[in-house]
Amino acid sequence: MSTIIVDTPVTAGLGKLFSKHGLSLKTVVLFDEHTHDLFGDLLLDTLRKEGFQYRVLVIPAREASKSFSVAYRLYGSMIEEDVDRTWNLLACGGGVVGDLGGFMAASYFRGIPIIQLPTTLLAMTDSAIGGKVAINHPLGKNLIGFFHMPELVLIDPAFLRTLPEREIFAGMAEVVKYGFISDEGFLFFLERHFDDIVALREPWLSEAIRKSAGIKADVVKKDFRETTGLRATLNFGHTFAHGLEKLADYRFLRHGEAVTIGMVCALFLSRNLGFLDENSLQKGLAILGKFRFPRGIVKRRFLDTGDTALLESMLVDKKKFDRKLRFVLLKNLGEAFLFTKDVDDATVLESIANGKEFFRKLKGN
Ligand SMILES: NC(=O)c1ccc[n+]([C@@H]2O[C@H](COP(=O)([O-])OP(=O)(O)OC[C@H]3O[C@@H](n4cnc5c(N)ncnc54)[C@H](O)[C@@H]3O)[C@@H](O)[C@H]2O)c1
Ligand SMILES: [Zn+2]
């Protein structure tokens, strides 16, 4: 299992830390253009001072960088720069850098260690933890990849100060998800301190990150290869979300925004199927009502979409692989399970309609 450290500055004493974990002081640092501009000087300066030998790779800051052609080009640079299996790779960025970096590390010279230095809230609480690394294929997202556990996950909440608000809310969706699936107390902590956390106020921000990272790591430890249904609960809200993201061409809606909307629908579905009581539903909705979206996004990307069109979109990939839609439901706040029975279309459509009704009544979006 990985060692996860949450601290500011998390890179203090990096040389010693690497040595302690059996990592060489030879590292390939992967950035995207933004994280290179924002954190490059500081990080490379630290590496110099700590006695590292390093190489730098920079990719365009976009989802399309998670591609085989980008990986192929980067392998070339690494070979040309004499990077062999005694090196490791340090991924400094959001989920795109972390996933591509992990993919490169898992495959280069049959695998070198990966160290994650996440810089978005989503990466700090979700994508950098758990070892799922992948690139996209033109026929689908995250289809080509590995399970490659990071040796270290180094989280510095101070990195979030430059992150746009939209990205903070997107990451916050996954944070709230952890409360829903496994810890009611945490969920109420998040409700109480929602504004503090999205304003990046300490100690609430670090507390929320530490707790989320801990829950994710724990779930992954118990069900690494997603065989028991436990790891699948991390997909609460995601069946709806994937349909929405697909309809938005993976461009006009952030993953976390789709997950927020998806969790609203999943709460209604849990109620409609008789698993969640009305009181818990309302408490859950109150928390999700705190999320803010860029103007017009919910209307264009959810309310104006036909319920059936969304259901069809949710089904597209599943049909190809001959699988049914599967939903993660709540029994209680803080208690999720993977529902393995089929849910009839009418109940799914009703839950989408309930979700729309909720957002229509909500002010400010
Ligand atoms: N491996 C997993 O388990 C897992 C889980 C969830 C998501 N993902 C993947 O993660 C990706 C999304 O990650 P993301 O939401 O972090 O997006 P991202 O990596 O695209 O980052 C979002 C934007 O923020 C910028 N940025 C990053 N850190 C910044 C900072 N501190 N200040 C200012 N700007 C900053 C980036 O350059 C980028 O423009 C998707 O590809 C998704 O498939 C993977
Ligand atoms: Zn997610």
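A few notes on this one:
- If you filter segment 280-294 down to residues that are charged (D, E, K, R) and closer than 13 Å to VAL198 by Cα, you find that the one that is most open to solvent (accessible area, probe 1.4 Å) is ARG292.
- In segment 125-136, the residues that are closer than 13 Å to SER2 by Cα and of a type in the set (Val, Ile, Thr) form Cβ pairs under 8 Å with partners that are within 11 Å of ligand 2 (Cβ to nearest atom) and open to solvent by 10 Å² or more (accessible area, probe 1.4 Å), at six or more places apart or across chains, as follows: ILE129/LYS216.
- Conditions (1) more than 14 Å from VAL70 (Cβ to Cβ); (2) surrounded by 24 or more Cβ atoms within 10 Å (Cβ to Cβ); (3) more than 16 Å from ligand 2 (Cβ to nearest atom): number failed by PHE109: (2)
- Output for segment 69-86, where each listed residue is open to solvent by 80 Å² or more (accessible area, probe 1.4 Å), outside any helix (DSSP H, G or I) and at negative phi: ARG85
- Residue selected from segment 1-59 under the condition buried (at least 16 other Cβ atoms within 10 Å of the Cβ) and assigned to a loop (DSSP other than H, G, I, E, B), by the criterion nearest to the chain's Cα centre (by Cα): SER2
- Residue in segment 136-150 that is surrounded by 24 or more Cβ atoms within 10 Å (Cβ to Cβ) and within 26 Å of PHE224 (Cα to Cα) present: yes
- Close pairs from segment 49-61: first free of Cβ contacts under 8 Å to residues at least 40 places away in the same chain, partner open to solvent by 40 Å² or more (accessible area, probe 1.4 Å) and part of a strand (DSSP E or B), Cβ under 8 Å, at least 6 apart: PHE52/LYS26; GLN53/LYS26; TYR54/LYS26
- Every test in (1) away from ligand 2 (no atom under 16 Å from the Cβ); (2) open to solvent by less than 60 Å² (accessible area, probe 1.4 Å); (3) among the acidic types (Asp, Glu) is passed by GLU245 save one, and that test is (1).
- Counted residues, segment 166-203 - those being basic (Lys, Arg), open to solvent by 10 Å² or more (accessible area, probe 1.4 Å) and under 18 Å from GLY289 (Cβ atoms): 2
- Test: residue in segment 332-343 that is over 26 Å from the mean Cα position of the chain (by Cα), open to solvent by 60 Å² or more (accessible area, probe 1.4 Å) and of a type outside the set (D, E, K, R): no
- Residue satisfying all of: in segment 205-241; among the charged types (D, E, K, R) and within 14 Å of ligand 1 (Cβ to nearest atom); surrounded by the fewest Cβ atoms within 10 Å (Cβ to Cβ) among these: ARG225
- So ARG251, is it surrounded by fewer than 19 Cβ atoms within 10 Å (Cβ to Cβ), more than 17 Å from LEU315 (Cβ to Cβ) and within 13 Å of ligand 1 (Cβ to nearest atom): yes
The values are calculated or read from the model by the stated rules, or taken from the named source; none is laboratory data. Every value quoted in this text rests on a predicted model; they were computed, and no experiment measured them. So basically every Cβ, Gly included, is an ideal-geometry build from the backbone, and we count neighbours across all protein chains shown. Note: areas computed on protein heavy atoms with side chains; ligands, DNA, RNA excluded. Shrake-Rupley method; radii C 1.70, N 1.55, O 1.52, S 1.80 Å.
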